[in-house]
């Protein structure tokens with residue numbers, strides 16, 4: 001499935017406790033990483049003043065540790081209308 005605000009993404013275990021999450025987002029967006037109750041969220045939002053996501057993507061990476069031997073990551077894409085698409089979600093268990 002394709003998304004307007006999320007291109008290719010991947011997860012790579014880099015050591016016993018950490019994963020490298022690589023993903024592509026439009027060059028006129030930014031992201032925030034947060035964690036609540038053991039679940040990580042990567043929220044993708046348009047830059048201030050932007051109305052539509054660009055079709056030019058850039059790569060980003062974050063390092064995320066396991067919590068209780070589980071990696072649970074959801075990408076949230078905030079559209080201009082204010083609605084949120086909460087997909088995709090990935091769960092990896094050790």
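All of (1) loosely packed, with under 11 Cβ neighbours inside 10 Å; (2) at negative phi hold for residue 68 with one exception: (2). Being part of a loop (DSSP other than H, G, I, E, B), farther than 23 Å from residue 92 by Cα and in contact (Cβ under 8 Å) with a residue 60 or more places away in the chain, is that true of even one residue in the range 43-66? No, the conditions are met nowhere in the range 43-66.
For the range 32-42, residues that are surrounded by 13 or more Cβ atoms within 10 Å (Cβ to Cβ) and outside any strand (DSSP E or B) total 0. What number of residues in the range 48-62 are within 19 Å of residue 21 (Cα to Cα) and surrounded by 12 or more Cβ atoms within 10 Å (Cβ to Cβ)? Summing the residues that are within 19 Å of residue 21 (Cα to Cα) and surrounded by 12 or more Cβ atoms within 10 Å (Cβ to Cβ) in the range 48-62 gives 4.
Values in this text are rule-based calculations from the coordinates and carry no lab data. These figures come from a predicted structure and were not determined experimentally. Neighbour counts run over all protein chains shown; Cβ positions are idealised from the backbone, glycine included.
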